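First up is the structure itself, then whatever we jot down about it.
The values are calculated or read from the model by the stated rules, or taken from the named source; none is laboratory data. Bear in mind that the values here come from a model prediction, so they are computed numbers and not experimental data. Reconstructed Cβ throughout: ideal geometry from the backbone, glycine too, with neighbour counts over all protein chains shown.
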Amino acid sequence: MEREERLPEVSRRVREVPPYLFAEIDRARDEAIARGIDVISLGIGDPDQPTPAFVIEAMAEEIAKAENHTYSPYWGTDRFRQAVAGYMKGRFGVELDPGKEVIALIGAKEGLGHLPLALLDPGDLALIPDPAYPVYENASRYAGAATISVPLLEENGFLPDLSALPESVLRTAKVIFLNYPNNPTGALAPLSFLEELVELAHRFGFYIVSDNPYAEIYFDEEHPPHSILEVEGAREVAIELHSFSKTFNMTGWRIGWACGAERLVAALGSIKSNMDSGPFKAIQHAVVRALSHPQCGDFIRSQRELMRKRLSLLKEGLSRLGLRWCEPGGAFYLWVHLPEGYQSSIKFCSEVLNRAGLVFGPGRGYGVYGEGYFRICLTTPEEKIAQAMERLAGFLAS
Ligand SMILES: Cc1ncc(COP(=O)(O)O)c(C=O)c1O
């Protein structure tokens, strides 16, 4: 017998959960580059702009301090948790106890990966929006949970239709995931929707995981996105995840936080303290200093302005091509209907990559209800967006 045949399989969870969408998009892009195709990537929401100098300078000082080189407290430093509680109060008017209701994360994705282990037992039911960031579904399945898709339809503003959820599902569900500003559709959730959901969570007994890494990326300065924790009663049933990744162009640094219901934060802390150590202290101190830096507000506004400019350039290009999109309120994505004649977003995105060197996110990759759309990221410089629109025009004409 061959040696390898005697070895056991890797775990069922690894075999059964599909490969990570964005790793697959990266792979297809790299293969196209290796075949000599000149690729413009509008496929992944990774800011192209650098982390602001005031964060880098703070980091340079903090990294030199020996006291920052040791393991950090599992829940994050006191300074970090207090600064985050201060931000939540200033930005959303939400009062949090930094000692019990805030925990540092190695990015929001880490929190999303660990939360299902903290909240769900095998067989428990999680409600997963569709289309969505794939981590909600896959991390819930890693925890052995059963999942039901909650469709996000264009005619409902990409909000779950709460009245369409059967009472039996609401009674059985233990957790619902939520993400506004939404990836991939760009939709925002009005406060009235969040209020209705919190009321249902109390009435039927389930928890809400609100993934909110795009809270500072929005297009109408007069109407910033909400935190679910603004809603009365949310602090008992909801946990919200935030991130420095998108706000400060810090995706590689890996820093975010979870906050909200003490019970849920404690459960996450229990899992995390067994699985990881807190984020690098120098990074925590650097972002604490960033939040109170005099240039902080202007920097964040300038990033929104940049995204607004790119969005209007992209919309001009798409409208010249006769393509239809869903008007985004926030995040940095445009959710676009497939051109006429295409039924499969995967086929469209693969043809556009191979024949025009453009990387888009196929709607189907975000769920069954993502079919019929593709996602374009605004994290690409304007000249590249203009070039991409020319290539798309050539592709559609051919
Ligand atoms: C909806 C959503 N949640 C979470 C994340 C991950 O954020 P972080 O870099 O903080 O892990 C992303 C990143 O693309 C995202 O789109």
Select from segment 128-138 the residues that are closer than 19 Å to His114 by Cβ, touching a helix residue (DSSP H, G or I) at 6+ places or on another chain (Cβ under 9 Å) and not in a loop (DSSP other than H, G, I, E, B) and write down the one among them that is nearest to the ligand (Cβ to nearest atom).
-> Val135
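Each row is one residue, and each column tells you yes or no for (1) over 20 Å from Tyr218 (Cα atoms); (2) in contact (Cβ under 8 Å) with a residue 60 or more places away in the chain.
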residue	(1), (2)
Arg304	no, yes
Met307	no, yes
Leu313	no, yes
Arg320	yes, yes
Arg324	yes, no
Tyr342	yes, no
Hey, among Glu216, Glu221, Glu236, Glu230, which residue is buried (at least 20 other Cβ atoms within 10 Å of the Cβ) and assigned by TED's automatic domain parsing to the domain that holds Ala201?
-> Glu216
Only unsatisfied item for Ala146, checking (1) in contact (Cβ under 8 Å) with a residue 24 or more places away in the chain; (2) over 21 Å from Leu229 (Cβ atoms); (3) among the aliphatic types (A, V, I, L, M), is (1)
Positions within segment 350-379 being of a type in the set (S, T, N, Q) and modelled with pLDDT of 95 or more, in sequence order = Thr379
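Condition check ((1) away from the ligand (no atom under 16 Å from the Cβ); (2) farther than 27 Å from Gly361 by Cβ; (3) without any contact (Cβ under 8 Å) to a residue 12 or more places away in the chain; (4) not assigned by TED's automatic domain parsing to the domain that holds Glu196) across all residues:
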residue	(1), (2), (3), (4)
Lys65	yes, yes, no, no
Tyr74	yes, yes, no, no
Val84	no, yes, no, no
Lys89	yes, yes, yes, no
Leu96	yes, yes, no, no
Lys100	yes, yes, no, no
Ser140	no, no, no, no
Asn156	yes, no, yes, no
Residue identified as within 17 Å of the chain's Cα centre (by Cα) and under 19 Å from Pro19 (Cα atoms) among Ala132, Ala143 | Ala132
Output the residues belonging to segment 104-125 that are outside any loop (DSSP other than H, G, I, E, B), more than 16 Å from the ligand (Cβ to nearest atom) and of a type in the set (Gly, Ala, Ser).
-> Ala118
Can you tell me which residue in segment 276-292 is modelled with the highest pLDDT, limited to those that are over 12 Å from Ile255 (Cβ atoms) and of a type outside the set (S, T, N, Q)?
-> Arg289
For segment 140-163, name all the residues that are among the aliphatic types (A, V, I, L, M) and at pLDDT 95 or above.
-> Ala143, Ala145, Ala146, Ile148, Val150, Leu152, Leu153, Leu159
All but one of (1) assigned to a loop (DSSP other than H, G, I, E, B); (2) touching a strand residue (DSSP E or B) at 6+ places or on another chain (Cβ under 7 Å); (3) farther than 30 Å from Gly370 by Cβ; (4) of a type in the set (A, V, I, L, M) hold for Ile44; which doesn't?
-> (3)
Selection from segment 179-209 of residues that are within 16 Å of the ligand (Cβ to nearest atom), touching a residue at least 40 places away in the same chain (Cβ under 8 Å) and over 18 Å from Ile148 (Cβ atoms) = Tyr180, Pro181, Asn182, Asn183, Pro184, Thr185, Gly186, Ala187, Leu188
Of all residues in segment 102-137 being touching a residue at least 60 places away in the same chain (Cβ under 8 Å), touching a Leu at 6+ places or on another chain (Cβ under 9 Å) and of a type in the set (Val, Ile, Thr), which is surrounded by the fewest Cβ atoms within 10 Å (Cβ to Cβ)?
-> Val102
Determine, yes or no, whether Val17 is more than 16 Å from the ligand (Cβ to nearest atom) and of a type outside the set (Asp, Glu).
-> yes
Test set (1) touching a helix residue (DSSP H, G or I) at 6+ places or on another chain (Cβ under 6 Å); (2) in contact (Cβ under 8 Å) with a residue 40 or more places away in the chain - Ser245 fails condition number = (1)
Scanning segment 360-382 for residues that are surrounded by 24 or more Cβ atoms within 10 Å (Cβ to Cβ) and without any contact (Cβ under 8 Å) to a residue 40 or more places away in the chain, which turns out farthest from Ser350 (Cα to Cα)?
-> Phe374
Ile176: within 16 Å of the ligand (Cβ to nearest atom), of a type in the set (A, V, I, L, M, F, W, C), more than 27 Å from Leu291 (Cβ to Cβ) and outside any helix (DSSP H, G or I), yes or no?
-> yes
